[in-house]
1. What single numbered condition from (1) under 23 Å from Val223 (Cβ atoms); (2) within 17 Å of the chain's Cα centre (by Cα); (3) of a type in the set (Lys, Arg) fails to hold for Lys21?
2. Can you find a residue in segment 96-108 that is more than 17 Å from the chain's Cα centre (by Cα) and buried (at least 20 other Cβ atoms within 10 Å of the Cβ)?
3. Go through Asn46, Asn38 for me and flag whichever is buried (at least 23 other Cβ atoms within 10 Å of the Cβ) and either modelled with pLDDT of 95 or more or not β-branched (Val, Ile, Thr) (or both).
4. Counting only residues that are surrounded by 23 or more Cβ atoms within 10 Å (Cβ to Cβ) and either touching a His at 6+ places or on another chain (Cβ under 6 Å) or free of Cβ contacts under 8 Å to residues at least 60 places away in the same chain (or both), how many does segment 160-187 have?
5. Does any residue in segment 112-128 that is at negative phi come within less than 7 Å, Cβ to Cβ, of a residue that is surrounded by 13 or more Cβ atoms within 10 Å (Cβ to Cβ) and among the basic types (Lys, Arg) six or more places away or on a different chain, and which pairs are these?
6. Restricting to segment 2-25, name every residue that is on the phi < 0 side of the Ramachandran plot and either modelled with pLDDT under 95 or not in a helix (DSSP H, G or I) (or both).
7. Is there a residue in segment 70-83 that is touching a strand residue (DSSP E or B) at 6+ places or on another chain (Cβ under 8 Å) and either in a strand (DSSP E or B) or under 24 Å from Pro173 (Cβ atoms) (or both)?
8. Specify the residue that is nearest to Val228 (Cα to Cα); the eligible residues are those in segment 24-57 that are among the basic types (Lys, Arg) and over 15 Å from the mean Cα position of the chain (by Cα).
Amino acid sequence: MRVDILGITVNTYSMRETVEKIRLSVENQVRTRVVTANPEMIYASNQDQRLRELINSADIITADGIGVVWAARQLGTPVQERVTGIDLVQSLFPIANAQKWRLFFLGGKPGVVEKAIKQVVQKYPEIDLKGHHGYFSLEEENRVLRDILAFQPDVLLVGLGAPRQEYWLAQHPQLATVSIGVGGSFDALAGIVIRAPKRLQEFHLEWLYRLWKEPRRWKRQTVLPRFVIKVLLQGIGRKTP
């Protein structure tokens, strides 16, 4: 089931269900593109038809953030829980390790992916991991594409920032069985960005913790009240005969 949030049809899957869908895709070699849609991306797509169509063409669209969970509940079709990029990635690692998947990390500044890979393989040594930073030029892109194709990843994780990563993955559907846009997840995996304590995550205050740690993010947070207003107007519009 999906819920329409400002024109984006978000899946109502739980984390467990999302992971299972991806596991089956890898097992059955079914190409699957995953978009982790946060309020900022959904709001932007409301003003960009091309982006909206691109997101909606994905096979799985997850509720990335408590704002999307709130919006779904407000619109009468609750999602079971938020499924953020970093949480989804970390939930996939145990299965990837048990089944010895090949994972490719693409994104982040030079050196970040290497640190992320080192951290991951220490805990999950059976995952076959390779990666490349996201600061490649157009001239270098063909080499990056060749490297990914030669590696034949089961899962390609791309952290080029939204919506660039979504456009990039849609343009290159042949690179992996499953492809997922994961934003800044590599910084977290590498230990460069420290996530909020579990208690704050449970109270859905991770966004506030990140804003405290990274004040420059305040401009991005100004989207949230506009997102809320549009969702409320959508709800009112649906109730009006």
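The values are calculated or read from the model by the stated rules, or taken from the named source; none is laboratory data. In this text, all values refer to a predicted model and were calculated from it rather than measured experimentally. Methodologically, a virtual Cβ is constructed for each residue, glycine included, from the backbone with ideal geometry; neighbour enumeration extends over all protein chains shown.
1. (1)
2. Here is the first cut: in segment 96-108, the residues more than 17 Å from the chain's Cα centre (by Cα) are 96-102.
Adding the requirement that they be buried (at least 20 other Cβ atoms within 10 Å of the Cβ) leaves 96, 101.
Taking every residue of segment 96-108 in turn, at least one turns out to be more than 17 Å from the chain's Cα centre (by Cα) and buried (at least 20 other Cβ atoms within 10 Å of the Cβ).
3. Result: Asn38 is the single residue among Asn46, Asn38 that is buried (at least 23 other Cβ atoms within 10 Å of the Cβ) and either modelled with pLDDT of 95 or more or not β-branched (Val, Ile, Thr) (or both).
4. 1
5. Within 7 Å, the pairs are Asp128/Arg102.
6. Scanning segment 2-25 gives Arg2, Val3, Asp4, Ile5, Ile8, Thr9, Val10, Asn11, Thr12, Tyr13, Ser14.
7. Yes - at least one qualifying residue is present in segment 70-83.
8. In the first step, residues of segment 24-57 are kept if they are among the basic types (Lys, Arg); the result is 31, 33, 50, 52.
Filter once more, keeping what is over 15 Å from the mean Cα position of the chain (by Cα): 31, 50, 52.
Values: Arg31: 34, Arg50: 22, Arg52: 18 Å.
My answer is Arg52.
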